[in-house]
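Read-outs throughout are calculated quantities, based only on the coordinates presented, and are distinct from any laboratory measurement. Remember, predicted model here, so these are calculated numbers, not experimental data. Positions of Cβ are generated from backbone atoms using ideal geometry, with glycine treated the same way; all protein chains shown enter the neighbour counts.
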Amino acid sequence: MVAPAFEYVAAGSYDEAVRLLAENGDEAKILAGGQSLMPMLNLRLAHPELLIDINPADQRPPTLALHNSGEMLRLPALTRHRVLLEHDLVRQHCPLLAEAVRHVGNVRVRNRGTIAGSLAHADPTSEIGCCALATGARILARGPDGERTVPASDLFAGYWSTTLDPGQIITDVLIPAARPRQGWSFQEMVRRTSDFAIVAVAVIFNLAERSGAPASATVALAGVADRVVLADSELVDDDPEQTAARIADTLDPPDDVHASGAYRRRLARVLTARALREASARAAV
Amino acid sequence: MNKRQVVLGVNGRDHEVWITPSDTLLDVLHDELGLADVRYGCGEGVCGTCTVLLDGEPVNGCLTLAVQAAGHQVTTLRGLMGPGEAMHPLQECFLRRGASQCGFCTPGMILTSLDLVRRSVGQGQGRPSRDEIRYALVGNLCRCTGYTKILDAVEEYADMAAES
């Protein structure tokens with residue numbers, strides 16, 4: 001199939017993109033890496049009249065920034081998946097994300113696909129969305145009324161939709177840098193490497209601090225609902241099997257051509273237990 | 001739709017082409033420039049038959065707009081060949097090992113594995129392992145060979161490249 005005809009404009013800055021988006025409203029779509037949008041056009045699942053290409057708007061590399069809440073990894077919107085996979089700052093300060101991106105698409109998709117494009121696409125099986133939830137990422141978006149920060153836990157609204165206003169564009173993703181005594185794990189089940197996840201689980205595990213703060217784990221899941229989801233922290237204790245069973249019990253995943261809901265729930269339990277064991281073992285090293 | 005003229009650098013030569021904004025890079029390379037080594041397979045970025053190098057990196061020709069490639073260097077399989085269409089050493093490995101049957105996937109296989117070997121050797125990591133080759137080629141589908149001979153061919157080339 002061939003994409004329906006559309007017009008194209010390159011935006012030299014985020015502000016220009018915001019202005020173009022405001023002028024064209026629902027007729028326009030933002031083009032970042034294009035690895036989800038372009039297939040949707042080729043399959044005629046979307047019919048925008050205008051693509052606003054933000055690729056010329058930003059060349060910034062990842063950086064480590066100090067915020068009032070501690071060190072944050074600052075990932076510009078157009079950070080390609082390949083950079084997430086290979087960049088020293090990402091590998092050092094968010095190893096969870098570097099590992100998870102191994103499961104995203106193929107070499108070509110990772111060369112073009114971007115972190116913000118993936119988050120804005122809001123696929124319910126997204127590895128990157130799952131990691132954003134587990135790490136407590138914050139999303140910076142710019143619109144006609146200025147900048148706004150959205151916690152990843154408030155970003156996803158349902159199948160392929162976010163809580164961003166239609167005129168807003170993601171410019172940065174901020175991820176709290178991994179702390180000492182922190183472990184992580186990413187587990188995914190697919191039929192064939194590079195497929196969309198049937199179920200994926202991301203875990204960040206913090207060992208008890210000497211100050212007396214108790215151990216804690218954050219569990220995020222993909223492929224179990226209409227969006228990536230964060231497990232209720234009250235379900236988590238220090239028993240991986242029991243925690244995983246409690247989390248799986250709260251899920252009611254949909255049936256689709258890839259897997260039944262019951263199978264997804266079982267995978268959620270097995271992978272969550274596996275991820276909790278691996279993450280706590282890593283934290284203890 | 002408004003046609004516009006852009007200059008595409010393809011295989012070391014600049015081409016002035018008239019394109020519409022919704023033309024993909026694949027459309028222009030195959031239909032306008034007659035490069036039969038860039039092929040439409042799935043249109044979703046999954047099969048790898050439209051693989052080209054954009055500034056040296058493998059990308060999906062079907063998911064990149066032609067207008068986005070203006071001002072960048074595009075390399076197709078033909079661009080790897082020497083004067084008089086002399087074959088690239090990796091092509092020779094494919095022939096020697098029987099890694100190409102119908103040939104539809106071969107350009108994408110070669111461009112993707114060449115990128116892997118160049119990176120691996122260039123970054124001082126030596127030759128990629130068979131598992132690394134398998135992982136890099138997961139997005140290139142072949143319906144003839146069963147992949148084993150493709151892996152053999154890439155390993156043979158990787159050995160040569162690592163030694164030289």
### Message
Which residue, A:262, A:196, A:242, has the largest displacement toward the positive end of the dipole of region A:182-284 when charges sit on each Cβ (Lys, Arg +1; Asp, Glu -1)?
### Response
A:196
### Query
Any idea which of B:116, B:89, B:104 is furthest toward the positive side of the dipole for region B:83-163, if Lys and Arg beta-carbons carry +1 and Asp and Glu beta-carbons -1?
B:104
### Query
Excluding residue A:110 itself, what net charge comes from residues whose Cβ is under 14 Å from its Cβ, given Lys and Arg +1 and Asp and Glu -1?
+1
### Cα-only Debye scattering, region B:4-78: base-10 log of I(q)/I(0) at q = 0.26, 0.28 Å⁻¹
-1.30, -1.52
### Task
Could you run the Karplus curve 6.51 cos²θ - 1.76 cosθ + 1.60 with θ = phi - 60° over region A:78-87 and give me ³J(HN,Hα) per residue in whole Hz, x for Gly and Pro?
8, 4, 6, 4, 4, 5, 4, 5, 10, 5
#### Entry: Sequence ranges B:27-36, A:124-133, ranked by mean other-Cβ count within 10 angstrom, highest first
A:124-133, B:27-36
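Return the FRET efficiency for the residue pair residue A:262, residue A:91: r is the Cβ-Cβ distance, R0 is 51 Å, and the value is rounded to the nearest 0.05. Don't skip to the answer; put the middle values down first.
On the way: r = 37 Å, r/R0 = 0.72.
After rounding, the FRET efficiency stands at 0.90.
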### Message
Could you check the spin-label model distance between residue A:216 and residue A:181? Points 7 Å from the Cα along Cα→Cβ, value in nm.
### Response
1.3
### Ellipticity estimate at 222 nm from DSSP helix runs (n ≥ 4, -39,500 (n - 2.57)) divided over chain B, nearest 500
-9500 deg cm²/dmol
### Query
Using r as the Cβ-Cβ distance of residue A:281 and residue B:131, and R0 as 30 Å, what FRET efficiency do you calculate, to the nearest 0.05?
0.80
### Task
Would you grab the residues whose amide H sits under 5 Å from the one on residue A:162? Only those 5+ places off in sequence or on another chain, please, with H modelled 1.01 Å from N.
A:157
### Task
Determine the shielding of peptide B:37-43 by partner chains: average, over its residues, the number of Cβ atoms on other chains within 10 angstrom of each Cβ.
2
### Task
Would you calculate a helix-derived [θ] at 222 nm for chain A, using -39,500 (n - 2.57) for each DSSP H run of n ≥ 4 and dividing by the full residue count, to the nearest 500?
-9000 deg cm²/dmol
### Query
Taking only Cα atoms, what is the 0 to 90° angle, nearest 10, from helix B:106-122's long axis to the longest principal axis of chain B?
70
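Taking the Cα centre of region B:36-153 as origin and charging only Cβ (+1 Lys, Arg; -1 Asp, Glu), how large is the dipole, in debye to the nearest 20?
Numbers: 11 positive and 10 negative charges, 67 e Å.
Dipole magnitude for region B:36-153 comes out near 320 debye.
Under unit Cβ charges (Lys, Arg +1; Asp, Glu -1), what dipole magnitude, rounded to 20 debye, does the protein assembly as shown have relative to its Cα centre? All intermediate terms of the calculation are to be shown ahead of the outcome.
Working: 43 positive and 55 negative charges, 206 e Å.
The dipole magnitude comes to about 980 debye.
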### Task
Let me have the relative contact order for chain B, percent, based on Cα pairs under 8 Å that are six or more residues apart.
22
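Convex hull over the Cα atoms of region A:131-285, averaged projected area in nm²? The partial results should precede the final answer.
On the way: hull surface 41.8 nm².
One quarter of the hull surface, i.e. the mean projection, equals 10.5 nm².
Could you tally the net charge around residue A:177, taking each other residue with its Cβ under 11 Å from the Cβ of residue A:177, Lys/Arg +1 and Asp/Glu -1? Could the numbers behind the result be given before it?
Values: positive: A:74, A:179; negative: A:71.
Charge balance near residue A:177 sits at +1.
In debye, nearest 20: dipole of region A:7-54 around its Cα centre with unit charges on the Cβ of K, R (+) and D, E (-)? Present the calculation step by step, with values, prior to reporting the outcome.
Working: 3 positive and 8 negative charges, 49 e Å.
The dipole magnitude comes to about 240 debye.
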### Query
Using a Gaussian network for chain A with springs between C-alpha atoms less than 10 Å apart, which of these wobbles most: A:173, A:90, A:257?
A:257
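Taking the highest mean first, how do the peptides B:86-94, A:197-205, A:105-113 order by number of other beta carbon atoms within 10 angstrom per residue? Before the final figure, lay out each step's value.
Numbers: B:86-94: 18.3, A:197-205: 28.1, A:105-113: 25.6.
Ranked from most to least packed, the peptides come out as A:197-205, A:105-113, B:86-94.
Find the eigenvalues of the gyration tensor of the Cα atoms of region A:1-129, then list the square roots of 5 times those eigenvalues as equivalent ellipsoid semi-axes, largest first, in whole angstrom.
Numbers: eigenvalues 151, 68, 26 Å².
Listed largest to smallest, the semi-axes of region A:1-129 are 28, 18, 11 Å.
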### Summary
Amide H neighbours of residue A:10 at under 5 Å, excluding residues fewer than 5 places away on the same chain, with H built from the backbone geometry, are A:53
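Compute the FRET efficiency between residue A:241 and residue A:159 as 1/(1 + (r/R0)^6), taking r as their Cβ-Cβ distance and R0 = 35 Å, and round to the nearest 0.05.
0.65
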### Task
Determine the distance separating the Cα centre of region B:95-118 from the Cα centre of region B:50-77; give it in Å without decimals.
18
### Task
Could you work out the mean projected area of the convex hull around the alpha carbons of region A:7-54, in square nanometres to one decimal?
3.0
#### Entry: Convex hull of chain B built on C-alpha atoms - directionally averaged projected area, nm²
9.6
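Order the peptides B:70-76, B:50-56, A:237-243 from the highest to the lowest mean number of other Cβ atoms within 10 Å of their residues.
Working: B:70-76: 18.1, B:50-56: 22.0, A:237-243: 15.0.
Result, highest mean Cβ count within 10 Å first: B:50-56, B:70-76, A:237-243.
Just the ratio, please: alpha-carbon radius of gyration of chain A over 2.2 N^0.38 Å, N its number of residues.
Values: Rg = 18.8 Å, N = 285, 2.2 N^0.38 = 18.8 Å.
In units of the 2.2 N^0.38 Å rule of thumb, it is 1.00.
DSSP loop (so not H, G, I, E, B), at most 13 other Cβ within 10 Å: list which trypsin sites (Lys or Arg not before Pro) in region B:61-164 pass both filters.
Values: sites: B:78, B:96, B:97, B:118, B:119, B:130, B:134, B:143, B:149; in loops: B:143.
Here the sparse-neighbourhood loop sites are B:143.
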### Query
Separation of region A:184-257 and region A:1-51 by C-alpha centroid, Å?
34
